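Heads up: the structure comes next, in C-alpha cells.
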Amino acid sequence: MRPKQRNRLVLAIVIVMFVAISAALALTALEENINLFYSPTMIANGEAPQGRLFRAGGMVSEGSVQRDPESLEVSFRLNDEANEILVKYTGILPDLFREGQGIVVQGKLGPDGSVMATEVLAKHDENYMPPEVEHALKTAKEAAAANAEKE
Amino acid sequence: MSIIPNWLYRLSSPKNFYRFAGTASNWCGWIALFLFVIGLYYGLINSPPDYQQGDTTRIMYVHVPAAWMSMFVYMVMAISAAVGMIWRIKASTAFANASAPIGAMFTALALATGMLWGKPMWGTYWVWDARLTSELILLFLYLGYMALQSAIDDRETAARATAILALVGMVNIPIIHYSVEWWNTLHQGATVTKLDKPSIHISMLIPLLIMAVAFKFYYLSNVFRRARCEMLEREQDKLWVRELLGENGSE
C-alpha cells in the first residue's frame with residue numbers, strides 16, 4: 001500500500017468513527033424525544049405533558065372496550081402489563097383495532113387523568129401466519145390450559 | 001502486499017470491467033426475471049393470507065425486499081465509493097455512482113408501498129416514528145449523493161466528495177435497522193432479520209426470500225449496465241473504446 005493510499009484509508013476510517021460516535025452521543029441525548037409514544041407506566045409516573053398533544057401506546061385491555069350505541073364514542077383502557085390508562089375517542093377505529101391489540105393514540109390528557117384521543121392508530125405485530133395455523137395454535141393453547149386446570 | 005487481491009485489480013481495469021459487466025448484467029437480468037415470475041406467483045397467488053391482515057399482507061412481498069435492498073445497496077455504494085477513493089479505482093467509483101439511483105428507487109418503493117400498507121392497517125399513511133423517518137433520511141442521502149456527484153465536474157474531486165458523503169451516511173444504516181428496538185415506534189419489530197427464529201410461517205417466508213433474491217439480481221443486472229455506461233463515457237478518448245467502436249462498425 002502506498003503512503004497516499006494509506007492516508008486516504010485512515011481518513012475514511014476516522015470519518016466513519018467520528019460520525020458514528022457523534023451520532024451515538026446525539027441519539028443518547030435525544031433518547032426520550034425519539035420515542036413515538038408514552039407507555040401507560042410513563043403516563044402514570046406523570047412524564048406525559050399536560051395540556052398539549054402527545055401519543056400514548058399500549059395493548060387494549062381485554063373486556064375494556066365500551067361503545068356508545070347512539071354515537072361513534074368509544075372508550076377503552078390501554079395497558080403495558082404494569083399500568084392501565086383510560087382512553088376516550090370519537091370516530092372510526094382502524095381495521096386492526098381489537099382487544100389485546102397494540103395501538104397508538106394521539107390526544108390530550110384530560111382532567112381526570114384519561115386520554116382524550118383525536119386519532120387512533122393500530123400497531124401490528126411482527127408475526128405472519130395463515131389463519132389455519134393461528135387457529136391451530138389457539139386450539140392447542142386452550143387444550144393445554146384445560147389440561148392444566150384438570151390437574 | 002495489497003489488501004485488494006490481484007484478480008480483482010485485473011478485473012477493475014476499465015476494459016476488463018466493461019466486458020465482465022456486460023456479461024454479468026445479462027445473466028443477472030435473466031435470473032432476476034425467472035425469480036420474479038416464481039416469487040410473484042407464490043407471493044400473490046399461491047401463499048396463504050395472514051391471520052390478522054388478510055390479503056393486505058401480500059404487499060409485504062414487495063415492501064420488505066425493497067426495504068432490505070435500500071439498506072444493502074447503500075452499504076455496497078458506500079464501500080465501493082470508499083475503495084474507489086482510497087485506491088483510485090475508476091471501476092469501483094463507477095459502481096458506486098451506478099448504485100445510487102437504483103438504491104434511491106428501492107428506498108422510494110419501500111416508502112411508497114409502506115404508506116399504502118400503513119393506511120389500511122395502521123390507519124395512517126405516515127407517522128414521524130424513528131423507522132419511517134430514518135428511511136426517509138436514507139432517500140435524501142441517495143439524492144444528495146447523486147446531486148453532489150453531478151455538481152462537481154472534476155471526476156477525482158467528485159469521487160472524493162461523494163465517498164465522504166456516503167461514508168458519513170453509513171451511520172444511518174444501523175439506526176434504520178435497530179430503530180424498532182431502540183425506540184417506541186408504530187412500525188413493528190423485525191420478523192426475519194433477527195437472531196431468533198423468524199416469526200413468519202414457512203409458507204410465507206419462502207416466497208419472501210425468493211423475492212429478496214430476485215431483487216438482488218435485478219440490482220446487479222442494473223448496476224452493471226449503468227456502471228458499464230459510465231466506464232465508456234469516462235474512457236471515451238482511450239484506445240480500447242475506439243477499438244470497440246471500430247469492431248462493432250458503429251462509426
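For segment B:79-156, the fraction of alpha-carbon pairs lying more than 14 Å apart is 68 percent, rounded to a whole number.
Most exposed first by the Cβ proxy, i.e. fewest other Cβ within 10 Å, how do B:157, B:185, B:56 rank?
Result, fewest neighbours first: B:157, B:56, B:185.
For residue B:123, the residues 5 or more places off, or on other chains, whose built amide H falls under 5 Å of its own are A:122.
Given charges of +1 on the Cβ of Lys and Arg and -1 on the Cβ of Asp and Glu, with all other atoms neutral, how large is the dipole of chain A about its Cα centre, in debye to the nearest 20?
On the way: 15 positive and 21 negative charges, 281 e Å.
So the dipole magnitude of chain A works out to roughly 1340 debye.
Please enumerate, by chain and number, the lysines with C-alpha under 29 Å from the C-alpha of residue B:90, excluding those fewer than 8 residues away in the same chain. Residue B:90 reaches A:4, B:15, B:216, B:238.
Seen from a random direction on average, the alpha-carbon convex hull of segment B:144-246 projects onto 10.5 square nanometres. Pairwise Cα separations in segment A:40-122 fall into 5 Å bins from 0 onward with the following percentages, short to long: 3, 16, 29, 28, 16, 6, 1. Dividing the summed helix terms, -39500 (n - 2.57) for each DSSP H run of n ≥ 4, by the number of residues in chain B produces a 222 nm estimate of -25500 deg cm²/dmol to the nearest 500.
A Cβ-based charge dipole, computed about the Cα centre of segment A:40-122 with Lys and Arg at +1 and Asp and Glu at -1, lands at about 260 debye.
Per-residue ellipticity at 222 nm computed for chain A from its helices equals -13000 deg cm²/dmol, with DSSP H segments shorter than 4 residues left out and the rest contributing -39,500 (n - 2.57). Note on segment A:78-140: with charges restricted to the Cβ of Lys and Arg (+1) and Asp and Glu (-1), its dipole about the Cα centre is near 240 debye. Note that segment B:120-169 shows a convex hull volume over its alpha carbon atoms of 77 Å³ per residue. Selection among A:111, A:24, A:122 by position relative to the dipole of chain A gives A:24 as farthest towards the positive end (Cβ unit charges, Cα centre). Cα to Cα, under 29 Å, and not fewer than 8 places away if on the same chain: which lysines meet these conditions relative to residue A:138? Qualifying lysines at Cα under 29 Å: A:123, A:150, B:119, B:194, B:197. The base-10 log of I(q)/I(0) for segment B:1-155, evaluated at q = 0.10, 0.21 Å⁻¹, reads -0.50, -1.33 [Debye formula, identical scatterers on Cα atoms, solvent excluded]. Its residue count N fixes a reference of 2.2 N^0.38 Å for segment A:1-68, and the Cα radius of gyration divided by that reference is 2.11. Would you give the gap between the C-alpha center of segment B:78-145 and the C-alpha center of segment A:85-109, rounded to a whole Å? Segment B:78-145 and segment A:85-109 have Cα centres spaced 33 Å from each other.
Its alpha carbons give the protein assembly as shown an Rg and a Dmax of 26.0, 90 Å. Taking other C-beta atoms within 10 angstrom as a stand-in for reagent exposure, A:59, B:60 fall in the order A:59, B:60, fewest first. Classify chain A: rounded, prolate or oblate, from the alpha-carbon gyration tensor (a ≥ b ≥ c, eigenvalue square roots; a/c under 1.5 rounded; otherwise prolate if a/b is larger than b/c)? Oblate, because a/c is 1.5 or more while a/b does not exceed b/c.
Measuring from a point 7 Å past the Cα of residue A:125 along Cα-to-C-beta, which residues in segment A:68-99 have an amide N at less than 17 Å? Counting backbone N atoms under 17 Å from the label point, the list is A:79-82, A:96-99.
Largest mean-square fluctuation among A:84, A:62, A:31, in a Gaussian network model of chain A whose springs join Cα atoms under 10 Å apart, belongs to A:31. Expressed as a fraction of 2.2 N^0.38 Å, the value expected for a compact globular protein of N residues, the C-alpha radius of gyration of segment B:104-144 is 1.15.
FYI, it's all coordinate maths here, none of it is from the lab. These numbers come from a predicted model, not from an experiment. Note: ideal-geometry Cβ built from the backbone for every residue, glycine included; neighbour counts use all protein chains shown.
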